[in-house]
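See structure below.
The values are calculated or read from the model by the stated rules, or taken from the named source; none is laboratory data. This structure is a prediction, so every number in the text was calculated from the model and none was measured. Cβ sites come from the backbone with ideal geometry, for glycine too, and all protein chains shown count toward neighbours. Ligands, DNA and RNA are excluded from the accessible area calculation, which covers all protein heavy atoms including side chains. Shrake-Rupley method; radii C 1.70, N 1.55, O 1.52, S 1.80 Å.
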Amino acid sequence: MRVLIVGGGIAGLTLAAALRRNGCAFRLIERTSTWAPVGAGIVLGVNAMAVLRRLGLAPQVADVGREVRRASITDAEGRRLITASFAPLRRRFGPTFALHRADLHRVLADAAGADSVQLGAALHGLTDDGEGIVATTSDGHEERFDLAVGADGIRSQTRSLAISSREPTYAGYTCWRFVVEAAAPLDETVEMWGRGLRVGLVPLRGTSVYGFAVANAPAGSRDADMLASFLTRFAAFGGHAPAVLARLVAADDLIANDLEEVVLPAWHRGRVVLIGDAAHAMTPNLGQGAAMAIEDAFVLAEELGRHTTPTAAFLAFDARRRRRVTSVQRQSRRVGRIGQW
């Protein structure tokens, strides 16, 4: 089967890497015209790393990441509430890594290969005639495939064209992410819980720190002077927070996003299937959104290799993934509600 992958993020590139490893023909289209460093940090838990090991990519992730050995939750003043050592988890399942998203993207893009990737091509139309898929891109080009995979994120064009017009649901809180160079390296990951506010600090390689801050707020609320209002909002936080937040010098240092979820009754229709955020975007409270996308991609590639029709592969994919993903999505939602009290 010849596969169209729509979207060159974590889900799409992982699928491309898995299909290439399995010898399956594919074409990946991505709307951006260049691979540019984007995003902030990411933590890859043991389940995500297990997939990347099977794809032969764990050494590359280890080279650009920093192992997470301990994580704590504190109150807003920095007083420790609970600490978890990752050592028992490591002994059973291997290490957890924190890294910059751009570094993970480079690892996955290298594994996907450049010869089957088309940049600067947005999906414009999808026609399923029962025998195959005809995809039209923004430049008017038409091409035929056996099936299409929507890995194009929470605002998925594939989902809108072929599966559902349902819009994402706002979780009730918004998030700012950033990466800065700290004056001194942090020795553990920490999440600080305030009143309707949270600040997280994740050490990366060297003195780099991935930070995130979360606040209860109406959807779409943005202040004219984002950096000043952001620093004022989180000024009461203690511990390592003041020193890290002081490294922010411009509004461009912040990536602001409302946190949303996607819940769909079906992830596939005909010869089109969704994976990752396009199918089941979730809040980041368990750090499992990217991991679920990576798992999705690996499982779908396996099922495409086991079945002779897209329908059979999609049904098997759904049977293996839906209960697990739904459980993680719900638990992340619960943790977020508690964290935002």
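Table: residues versus (1) without any contact (Cβ under 8 Å) to a residue 60 or more places away in the chain; (2) closer than 29 Å to residue 335 by Cα; (3) of a type outside the set (Val, Ile, Thr).
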{"residue": "138", "(1), (2), (3)": "no, no, yes"}
{"residue": "145", "(1), (2), (3)": "no, no, yes"}
{"residue": "157", "(1), (2), (3)": "no, no, yes"}
{"residue": "160", "(1), (2), (3)": "yes, no, yes"}
{"residue": "171", "(1), (2), (3)": "no, yes, yes"}
{"residue": "174", "(1), (2), (3)": "no, yes, no"}
{"residue": "180", "(1), (2), (3)": "no, yes, no"}
{"residue": "186", "(1), (2), (3)": "yes, yes, yes"}
{"residue": "198", "(1), (2), (3)": "no, yes, yes"}
Task: Count of the stretch 117-174 residues which are of a type outside the set (Phe, Trp, Tyr) and in a strand (DSSP E or B) - done: 25
Open item on the list: I need every pair where a residue in the stretch 262-288 that is in contact (Cβ under 8 Å) with a residue 60 or more places away in the chain and within 13 Å of residue 329 (Cβ to Cβ) has its Cβ under 6 Å from the Cβ of a residue that is in a loop (DSSP other than H, G, I, E, B) and of a type outside the set (Val, Ile, Thr), sequence separation at least 6 or different chains.
Closed with: 262/168; 262/281; 264/164; 276/151; 277/153; 279/267
- [ ] Have a look at 224, 278 and point out the one that is in contact with a helix residue (DSSP H, G or I) (Cβ under 9 Å, 6 or more places away or on another chain) and either open to solvent by less than 60 Å² (accessible area, probe 1.4 Å) or part of a loop (DSSP other than H, G, I, E, B) (or both).
- [x] 278
Task: Selection count where residues are within 17 Å of residue 215 (Cα to Cα), in a loop (DSSP other than H, G, I, E, B) and open to solvent by less than 50 Å² (accessible area, probe 1.4 Å), scope the stretch 234-275 - done: 4
TODO: Report, by residue number, each residue of the stretch 169-219 that is surrounded by fewer than 18 Cβ atoms within 10 Å (Cβ to Cβ), touching an Asp or Glu at 6+ places or on another chain (Cβ under 6 Å) and farther than 25 Å from residue 83 by Cβ.
DONE: 169, 170, 219
Open item on the list: For the structure I just gave you, tell me whether residue 225 is charged (D, E, K, R) and over 18 Å from residue 282 (Cα atoms).
Closed with: yes
Task: Residues being open to solvent by less than 10 Å² (accessible area, probe 1.4 Å) and either free of Cβ contacts under 8 Å to residues at least 24 places away in the same chain or of a type in the set (A, V, I, L, M, F, W, C) (or both) - total across the stretch 18-41 - done: 5
- [ ] Could you list all residues from the stretch 45-81 that are touching a His at 6+ places or on another chain (Cβ under 9 Å) and open to solvent by less than 40 Å² (accessible area, probe 1.4 Å)?
- [x] 65, 78
TODO: Could you list, in sequence order, all residues of the stretch 307-330 that are under 20 Å from the mean Cα position of the chain (by Cα) and either open to solvent by less than 80 Å² (accessible area, probe 1.4 Å) or acidic (Asp, Glu) (or both)?
DONE: 317, 318, 321, 322, 325, 326, 327, 328, 329
Task: Pick from the stretch 100-131, criterion among the aliphatic types (A, V, I, L, M) and open to solvent by 50 Å² or more (accessible area, probe 1.4 Å), ranking: farthest from residue 157 (Cα to Cα) - done: 114
Open item on the list: Considering only the stretch 141-162, I want to know if a residue exists there that is open to solvent by 60 Å² or more (accessible area, probe 1.4 Å), hydrophobic (A, V, I, L, M, F, W, C) and under 15 Å from residue 273 (Cα atoms).
Closed with: yes
Open item on the list: If residue 200 satisfies all but one of (1) under 14 Å from residue 73 (Cα atoms); (2) assigned to a loop (DSSP other than H, G, I, E, B); (3) of a type outside the set (A, V, I, L, M, F, W, C), what's the number of the condition it fails?
Closed with: (2)
